[in-house]
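Structure first, then comments.
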Amino acid sequence: MTALSALRIADHDTHTHLDTHMIADWLDIGTVDQLPALGARTLPVRGGKEIAIFRTANGDVYALVNQCPHKQGPLSQGIVHDTTVTCPLHNWRISLIDGHALGEDEGCVPTIPVKIDGGRILIGRKEALQGMA
Amino acid sequence: MSQKPHLIVVGNGMAGCRAVEEILARDPNKFRITIFGSEPRVNYNRIMLSPLLAGEKSFDDIVINSEAWYADNGITLVAGDAIVAVDRAAQTVTSASGRTESYDRLLLATGSDPFIIPVPGKDLPGVITFRDMEDVDKMLAAADAGGDAVVIGGGLLGLEAAHGLALRGMKVTVIHLMPTLMERQLDEAAGWLLKTELERRGQTILTQADTGEVYGDGKVEGVRLKDGTEIPCSIVVMAVGIRPSTGLAKAAGLDVERGILVDDHMMTSDPAVLAVGECVQHRGAVYGLVAPLWEMCRALADSQTGNPSGYTGSVTSTKLKVSGIDVFSAGDFSGGEGCEDIVLRDATRGVYKRVIVKDEKVIGAVLYGDTADGNWYFDLLKKEENIADIREALIFGQAFASGGALSDPKAAVAALSDDAEICGCNGVSKGQVMACVAGGATDLDAVRATCKASASCGSCTGLVENLLALALGDDYSGERTVKTMCKCTSFTHEDVRAAIVEKGLKAIPEVMQEMSWTTPDGCSSCRPALNYYLLCAWPAEHVEDPQSRFVNERMHANIQKDGTYSVVPRMWGGVTTPNELRAIADAADKYGARMVKVTGGQRLDLFGIKKEDLPAIWGDLNAAGMVSGHAYGKALRTVKTCVGSEWCRFGTQDSTGLGIKAEQMTWGSWMPHKFKIAVSGCPRNCAEATIKDFGVICVDSGYELHIGGNGGIHLRGTDFLCKVATEQEALDYCAAFTQLYREEARYLDRTAPWVERVGLDYVKKRIVEDEVGREALRNRFLYAQSFLQVDPWAERASGKESFLHEHIAEIRPFAVVGGAA
């Protein structure tokens, strides 16, 4: 918890851009109540892959790369149920926990670690920036 | 003539027919059988009158013995002609119409009569009892006429009547003489919980209210209580109780006290005359519930077929299944010397459980809110089992009390005795279910069809499935012959829709709770279906759940394979203007549409629009007077037209004008699947109306209406519905047909498979032949439309649900930029 102030690498009121790689392993991307229950929002990564942040019925938050392993459908737009999201393009079911396709389908989408601190969503910096050119 | 002795049954109800069924099951050749009934219909399930009133069931659903049953068993049914006299000396009966028949055995199953309290005005038109189909018809007619209802009697019957009338749109007041509702079945605490819940649902409950008179000039206008309070109403339902119907027996000189006196073999004081059901008095007791009746019928059949077993009386239990309120009671809960109460309250779940123990035996139970263990307590009670060992855990239910061994549901049902009741609605015991499975019923649907267990309200479905698993072991796969809605539920689409209406369910979690969904929040199949069923059932009250919408309907645009969207503004009847075209062109430029395409439905589609830009492009299109085309929805899509008589030399009517009117009437309407309309101005059919869900082909003398067509994978031409003379009729039939489809098709059925399933004749019966029904359907459609015709684009453009379009934040190289907190 002591590192929390350092984790606030973005100032949400002033949109100040701060250098991240100097200070933190976790990125603060906003608050849990910005996410609709059983829904998702998107987090573009300039030069990298867009991330989808999901919230389940009981308030747990998960982050996946926003691309279905099948045909790159935007998972953020799928229907969330239990700890699963159904891709809006061809109904693949993807586990929010480990990113694996469920049922008959095979494939996996990268996950990004999430932790919640005082209602704020923190995601793993290294994983979020993975795939950046 | 047959040499077989003649059995005449007086009463074509549940007791009479069940007795005959039991006799036939033992010896089909024993008797020549004639059944007389006062109602002009076959035997139906009287305890299902409540769901019938509530609109959950149709008459066909509650028929127990169809005409075929009488015919197949060689039974003569004389329906609508009551027996009015018995001559025991001559062994004959005489009917109201003067028909006289002689009998060798007479079975009286006359049931009971509703008790009418002797107050002034009790005979006014509008005072109704709740006993048979005629009563239900009268209540339905009153509900259709609108107005307020008073139900006198806060017992099982009265509350079910009140519930049904409330669901039919009447404002209902229940008048109850006693301080708590259902005081014979419930203790004070449970009665209070019930009252509070009913009041929360909008009923007015007056307890300790004594009816003084029913007033009105020539018909009911209200009820006046003895304290002077007046309650205006257009109908009064008397549901204070029932009395054994003993008039016929008394006139015949049989021994009668409160009921017709019978011995353990259901024999009256005349050995040639038997009696069963609510009309009898056995060992001092009369019964007004269905379960004892089954036991009496078994004893009767046993003795009549030479294998007497004897009826020793029943311990009864009660379940109230109105409004999704679960109430169960059994045995004695009045307390007293040596009785101990074990009580559990769980306020957050709305649960109250009380088990009454005496001498280490369960003697009574009252359950409110969680009745799952009702049958278990009832079984302990009937068996008089010693519960000393499980006393500590008794109140927590069977699974817990049995120390985990029985938390395996199969073990739990295995532990039930053979005569434990499984299905309360149809009086089916565990032994009967097991016999039915042994007789070849190897799935749930076969069990429901054969012994009717779980076929009525379905609350015992899990028990029946566990019994199947128990009986069949590995051979039981759990497969169903009817298709359930999805893997999250054991119910079909029709079951779920009926429950939504009958139980007044208004939200998806509520449906899942009430119908025991097996998943915490459903799946991507059932959630959109439930959202649709709810909005269709409750047009005025429905609260949208965007997270239960498929992406296109949530975003009001069509998602494309690259994650961008396409946008289609509505063009009424396919007609546009230079101004609209300019606005579309400007929007295409401004938002970088990578393609503009003319659609098959006569409008323009802008491709490649980003999620974030959607509210802005919609705002621009709104500004030019355009609204959402719903090209993305299970909804009214387009109305395709040709130019018709205004321009075309072959045109017979103004097909374009009619198409525009049809589109203005139907736009915004959510459906089970997409829905397309077309209007062609002549039989050359340039608008391709014969492959649409609803197609009109104009001819000189009027409008030919066609239904149930579609292009797509399974091309299907329309069926011809009928021809109408005027444009207004064409619109009215369109509205009625659309509503029938909305109310009765399964989610994701287009009209074509739906029409094929229900049959063209059915649709004709509802839309063409039933003028009143058609008008009602049309009115319900227009009523729903008054809530649905709101442009979703305008709402989003003005900022509603902006979180659906905005990123939560953005990660730039070495920085995060937050969205608005």
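Here are a few things to note about the model shown:
- Enumeration of residues in the stretch A:25-35 that are touching a helix residue (DSSP H, G or I) at 6+ places or on another chain (Cβ under 6 Å) and either outside any strand (DSSP E or B) or more than 10 Å from every other protein chain (Cβ to nearest Cβ) (or both): A:Asp25, A:Trp26
- Residue that is within 11 Å of chain B (Cβ to nearest Cβ), in a loop (DSSP other than H, G, I, E, B) and either open to solvent by 20 Å² or more (accessible area, probe 1.4 Å) or in contact with a Phe, Trp or Tyr (Cβ under 9 Å, 6 or more places away or on another chain) (or both), where the choices are A:Leu89, A:Leu122: A:Leu89
- In a residue-by-residue description of the stretch B:778-800, the property of being within 14 Å of chain A (Cβ to nearest Cβ) and either over 21 Å from the mean Cα position of the chain (by Cα) or assigned to a helix (DSSP H, G or I) (or both) applies to at least one position.
- Residue among B:Gly563, B:Gly601 that alone is within 11 Å of another protein chain (Cβ to nearest Cβ) and in contact (Cβ under 8 Å) with a residue 40 or more places away in the chain: B:Gly563
- Unique match (being open to solvent by 70 Å² or more (accessible area, probe 1.4 Å) and under 15 Å from the mean Cα position of the chain (by Cα)) among A:Lys71, A:Lys115: A:Lys115
- Test for B:Gly74: is it outside any helix (DSSP H, G or I), over 30 Å from the mean Cα position of the chain (by Cα) and either closer than 19 Å to B:Arg32 by Cα or not assigned by TED's automatic domain parsing to the domain that holds B:Ile260 (or both): yes
- Those residues of the stretch B:99-126 which are among the β-branched types (Val, Ile, Thr) and touching a residue at least 24 places away in the same chain (Cβ under 8 Å), in sequence order: B:Thr110, B:Ile116, B:Ile117, B:Val119
- Some residue of the stretch B:542-561 being of a type in the set (Val, Ile, Thr) and open to solvent by 40 Å² or more (accessible area, probe 1.4 Å): yes
- Residues of the stretch B:300-312 satisfying the condition of being part of a helix (DSSP H, G or I) and buried (at least 23 other Cβ atoms within 10 Å of the Cβ): B:Leu300, B:Ala301, B:Gln304
- Annotation note: of B:Asp148, B:Asp104, B:Asp144, B:Asp123, the sole residue that is closer than 25 Å to B:Val9 by Cβ and among the charged types (D, E, K, R) is B:Asp104.
- Sole residue being surrounded by 21 or more Cβ atoms within 10 Å (Cβ to Cβ) and more than 14 Å from every other protein chain (Cβ to nearest Cβ), chosen from B:Leu472, B:Leu535, B:Leu467, B:Leu530: B:Leu467
- Scoring B:Ser66 on the criteria (1) out of contact with any helix residue (DSSP H, G or I) (no Cβ under 7 Å at 6 or more places or on another chain); (2) modelled with pLDDT of 95 or more leaves a single failure, condition (2).
- When restricted to residues that are polar (S, T, N, Q) and more than 7 Å from chain B (Cβ to nearest Cβ), the stretch A:36-62 contains 2.
- Residues satisfying the stated conditions in the stretch B:789-811, i.e. at pLDDT 90 or above and polar (S, T, N, Q): B:Gln789, B:Ser798
- Criterion (open to solvent by less than 30 Å² (accessible area, probe 1.4 Å), touching a Leu at 6+ places or on another chain (Cβ under 6 Å) and either at pLDDT below 90 or not assigned by TED's automatic domain parsing to the domain that holds B:Asp87 (or both)) met by exactly one of B:Ile175, B:Ile231: B:Ile175
- Close pairs from the stretch A:63-81: first more than 8 Å from chain B (Cβ to nearest Cβ), partner open to solvent by 10 Å² or more (accessible area, probe 1.4 Å) and of a type in the set (Gly, Ala, Ser), Cβ under 7 Å, at least 6 apart: A:Pro69/A:Ala101; A:Pro69/A:Gly107; A:His70/A:Gly107; A:Ser76/A:Ala40
- Residues considered: B:Glu729, B:Glu810, B:Glu744. Of these, the only one that is within 30 Å of A:Ile29 (Cβ to Cβ) and either open to solvent by 60 Å² or more (accessible area, probe 1.4 Å) or not polar (S, T, N, Q) (or both) is B:Glu810.
Here's the yes/no breakdown for (1) modelled with pLDDT of 80 or more; (2) outside any loop (DSSP other than H, G, I, E, B):
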residue: A:Met1; (1), (2): no, no
residue: A:Ala6; (1), (2): no, yes
residue: A:Asp13; (1), (2): no, no
residue: A:Ala37; (1), (2): yes, no
residue: A:Arg41; (1), (2): yes, yes
residue: A:Lys49; (1), (2): yes, no
residue: A:Gly59; (1), (2): yes, no
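- Consider the stretch B:512-527 and keep the residues that are within 14 Å of another protein chain (Cβ to nearest Cβ) and in contact (Cβ under 8 Å) with a residue 40 or more places away in the chain. The one that is surrounded by the fewest Cβ atoms within 10 Å (Cβ to Cβ) is B:Ser525.
- Taken together, the residues in the stretch B:615-632 that are on the phi > 0 side of the Ramachandran plot and surrounded by fewer than 19 Cβ atoms within 10 Å (Cβ to Cβ) amount to 1.
- Subset of the stretch A:92-103 that is within 14 Å of chain B (Cβ to nearest Cβ) and open to solvent by 30 Å² or more (accessible area, probe 1.4 Å) - its residue that is farthest from A:Thr42 (Cα to Cα): A:Gly103
- If the condition is being among the β-branched types (Val, Ile, Thr) and assigned to a strand (DSSP E or B), then the stretch B:187-225 contributes B:Thr204, B:Ile205, B:Thr211, B:Val214, B:Val223.
The values are calculated or read from the model by the stated rules, or taken from the named source; none is laboratory data. Fair warning: this is a prediction, and the values are worked out from it, not measured in the lab. No Cβ is skipped: glycine too gets one built from the backbone with ideal geometry, and neighbour counts run over all protein chains shown. Calculation scope for accessible area: heavy atoms of the full protein, side chains included, ligands and nucleic acids excluded. Shrake-Rupley method; radii C 1.70, N 1.55, O 1.52, S 1.80 Å.
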